């Protein structure tokens, strides 16, 4: 085994120590490059000791603090100041002490301290039970290094314990920030900033354990914009016996939230149903909603009120068993968070910049330039661009100022500023290197003018002709060169020989003073053409374009308005507007025709050709036909011999005529026929007619009849019946006038005269009829006229013996439904005598042996009777057939 010598061991140790020292050195170098660690700068801040605190506007008194209660809340205000020249970096802290005997009742988590513009200068925080808090500064005071000061407001508690409730106390109230598990095990923690989200409010009712009869406890949250009863907690309200924590039986009380029916109550009542003789705790949570506290930890004060009403049972002494009314209330206030502010000002300087232009000719205006501000790094010496620049130009006389620049950096080191030109303009010599201000904080930038080498240019002049009709030869024109608005002796001629194009050449760009020359070209007037580029025309891209427009011949158009069929009763005619069209496209030219200009107007000075020299076809159109008229010349109207006539025709008013038909003396059962009524216009038959019949109740109308004719004269209408139907006569023959829009035609029924009866033939022996039906009750006849004594008849010849009648066939039914009576087997002579009864003149017969007039044989009378009966039957049947035939007609 090899043994190590002392010399080798020492050599090895030296080597490892050397390597270790190298790493230590590297670590120190790296550490030195890191950002400086946060420091406690309490000694650099004044106004934050326990004796600097103010209470109610006065310095705090130690004897007062000694009497402050643990259950109280006392506001302290500190006015702090950071010493001038003190270095403040982000993360630095300062300790704020409370007066002896005072502590923080709750945690204060990162309350923002803001300046007047809302920028954070730092935060304030404290722990529950501590006698000090901590300011943690942002980078604000490393930039705002002058007048660095602010205020801090905190709420603290004392150390003195309070006494127990007095004998006449019936209710107590207290509250504090809550962070922990509720009775159902749900955790209610702090927010991400370490601030309370909930407050626990507690009520101690009947602390002296009096015998209270049906007491009612009412709890009301105040500051409901900053806190809300937390209904999601389980239970929302816990009611338990003081000391044991046992739940009160819900059957002993009723719990109602206020206001009733609200989805977000602000209080509640607990009403005991019987006697309460024990002390009771009522506990619940409220959610903190104040935005100032939740967002930045600003102080918030929450208030709550509880009261109890009821009766206290007597103890049997005095009046014995008397019940006395009692009432108590308790108010509680809880303040969370803290408040504060801060501010400071920045030490600033201004740096002036001047631009100098040597050797610039008097008539040359230097261009504008950009001056940029740089900040020199105190370690590297490099100029760092600040991003700020100003323009120096002729308007500000090439002078400017960088204003309100920070004089010191965040390390309270004075800043060195420099100014440089962004770019040197063409035609000048200078530098863009930044320059340091002089003792007056002024930087002068210099650019020297460099005279340019004279340059020349040329200008091409082109001539364009427009609107020239075919066959027209364009003339030559002369163009003159202008220099800086003044004419020169240089001209060019443009004609067909050079295709109307020529040049001005070898023209200097600058004058003797180095100023650019502005050239322009002017054309001499040309008869018969209008210059579209009159006056001096600028040079664009080395060219000038001169444009001449042919001046065409002009014409005019007269427009007349004609009205047709206007009644003489119309005294005022409407005005109309006519628009001129060129090649069927509307122009912006219109004329108004009215009674003032006798409905005549003129379009003047109308070019006969367009811009391309093409002939223009003009037409005229009436814009809108007036109401009550129709256009006889609608659409575009051509020009004829320089005239356009627009014709409007009057639309006459229309009327209607109602035609009635009246029938008179028409027997019942007779159907009246249809008739035709025709319309007459001014006594002349028209082609209009109407049919009157039972379907239209003999009433029809002539409608849409014009009241005036084409010449505007009133039309007289009449109506006539075309043909009077057979069997009627009219009492309104001929043309009937219209009365109040109605014409009535009247027809009267004419009875038919009966024909002379034909002597009947001797009837054949009728067949035996069926048993006749019972006839209708006969009409009572008129009283018969007393018969005259007949002339004595001639003696008749001996009649032929009648043939023996054959046995009749089975009788057939007659159309009258009556049956012919059978011949009697026994002949009886009868005589007609006037009937003296009231049977209406109906003759009766009574038996006799002979005719009283002739005393003839009764056989002859029987034969005549049979003939008469047959004749009457034939006449009845004929009458019936004739009546049916007439009905069918």
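Between residue 498 and residue 356, the FRET efficiency from the beta-carbon distance, with R0 = 45 Å, is close to 0.30.
Using alpha-carbon positions, what is the distance between the centroids of the range 46-84 and the range 88-122, in Å? Value for the Cα centre distance between the two parts: 14 Å.
If you take the beta carbon distance between residue 64 and residue 119 as r and set R0 to 45 Å, what does 1/(1 + (r/R0)^6) give as a FRET efficiency, to the nearest 0.05?
According to the calculation, E is roughly 0.80.
Name the residues of the range 702-737 whose amide N is less than 14 Å from a point 7 angstrom out from the Cα of residue 689 along the C-beta direction? Correct set: 720-725.
For the range 644-723 versus the range 485-546, the spacing of their alpha-carbon centroids is 85 Å.
The modelled label-to-label distance for the pair residue 380/residue 208, using points 7 Å beyond Cα in the direction of Cβ, is 8.1 nm. How far apart, in nanometres, would the label points at residue 553 and residue 862 be if each is projected 7 angstrom from Cα along the Cα-to-Cβ direction? For residue 553 paired with residue 862, the spin-label model returns 13.0 nm. Using a simple spin-label model with pseudo-atoms 7 Å out from Cα toward Cβ, residue 458 and residue 473 lie 3.0 nm apart.
Take the Cβ atoms of residue 403 and residue 444, set R0 to 22 Å, and the FRET efficiency comes out at 0.75.
Where a number appears in this text, it was derived from the coordinates with a stated rule and is not lab data. Note that this is a predicted model, so its numbers are computed, not measured. Neighbour counts run over all protein chains shown; Cβ positions are idealised from the backbone, glycine included.
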